[in-house]
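Report on one structure; see the data block that follows.
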């Protein structure tokens, strides 16, 4: 049975009236369809920028799904409103688009995405600028779990186990080692990945391990994802800290911009 802590019963999609925000719609729809759960489109009127999704009902009607709800919030900062909505409803998955402007740090720093990744206890499926709509599958068939050797691995593996059962997918555990690692260290890293995959297999999840080498881990993972159709990537983060780049880690931050597939960011709780 899936761990109730990581089961998704509702998908929340923030929209602000821009085409960029709507890039999250179809990945969110695939998740909701697979899990047979409601998808809620929410917009918050932003008095500073005067921007919100005025045509929310039309967008909802165009989605080929009969469990679409809409919510229009008349006031409040979108980051706080969305975090509160997710917090009030356990089992919520936030699915949102995050677009960089000039550099990686600006992907989320000072934005709604940054606030959610820092403060929300809900998992967030991030559709970054590297996402390719042409890769949208009929259903997701593989979860690529990005492991960095930190204590976040336990959360990432727990989420992957639950999602693998819910989506009936296989799991691929991935770690990127630097080329200067000694043969002994590489062997130890590979053995650790294999043990983690064996643990998932003991829990009834089809799992494999892939050890990559490269000077730029995010680029290596993005290249791997490019070769894996019908895939979601999973990583974990410590929330409630200062700079988004620090809480996510520079590799994850860069991966959000490079990944051709959506990336599930699970908070360590």
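The values are calculated or read from the model by the stated rules, or taken from the named source; none is laboratory data. If you're wondering where the values come from, they're calculated on a predicted model, not measured in any experiment. Every residue, glycine among them, receives a Cβ derived from its backbone with ideal geometry; neighbour counts consider all protein chains shown.
What the table shows:
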{"read-out": "Failed item in (1) modelled with pLDDT of 95 or more; (2) in contact with a helix residue (DSSP H, G or I) (Cβ under 6 Å, 6 or more places away or on another chain); (3) surrounded by fewer than 20 Cβ atoms within 10 Å (Cβ to Cβ), with residue 94 passing the rest", "value": "(3)"}
{"read-out": "Within region 1-72, helices (runs of 4 or more DSSP H) holding 2 or more residues that are buried (at least 21 other Cβ atoms within 10 Å of the Cβ) and modelled with pLDDT of 90 or more", "value": "25-35"}
{"read-out": "Residue selected from region 213-243 under the condition more than 23 Å from residue 158 (Cα to Cα) and modelled with pLDDT under 90, by the criterion surrounded by the most Cβ atoms within 10 Å (Cβ to Cβ)", "value": "243"}
{"read-out": "Residue in region 129-146 that is in a helix (DSSP H, G or I), under 20 Å from residue 201 (Cα atoms), over 14 Å from the mean Cα position of the chain (by Cα) and outside the structural domain of residue 83 (by TED's automatic domain parsing) present", "value": "no"}
{"read-out": "For residue 155: the one exception among (1) closer than 16 Å to residue 251 by Cα; (2) modelled with pLDDT under 95; (3) in a helix (DSSP H, G or I)", "value": "(1)"}
{"read-out": "Condition check for residue 111: surrounded by 15 or more Cβ atoms within 10 Å (Cβ to Cβ), at pLDDT 90 or above and over 28 Å from residue 196 (Cα atoms)", "value": "no"}
{"read-out": "Flag for residue 180 being without any contact (Cβ under 8 Å) to a residue 60 or more places away in the chain, part of a loop (DSSP other than H, G, I, E, B), surrounded by fewer than 16 Cβ atoms within 10 Å (Cβ to Cβ) and not assigned by TED's automatic domain parsing to the domain that holds residue 93", "value": "yes"}
{"read-out": "Counted residues, region 200-211 - those being touching a strand residue (DSSP E or B) at 6+ places or on another chain (Cβ under 8 Å), surrounded by fewer than 20 Cβ atoms within 10 Å (Cβ to Cβ) and in contact (Cβ under 8 Å) with a residue 12 or more places away in the chain", "value": "4"}
{"read-out": "Where a residue in region 30-46 is outside the structural domain of residue 89 (by TED's automatic domain parsing) and its partner, wherever it lies, is at pLDDT 95 or above, with Cβ under 8 Å and at least six apart", "value": "none"}
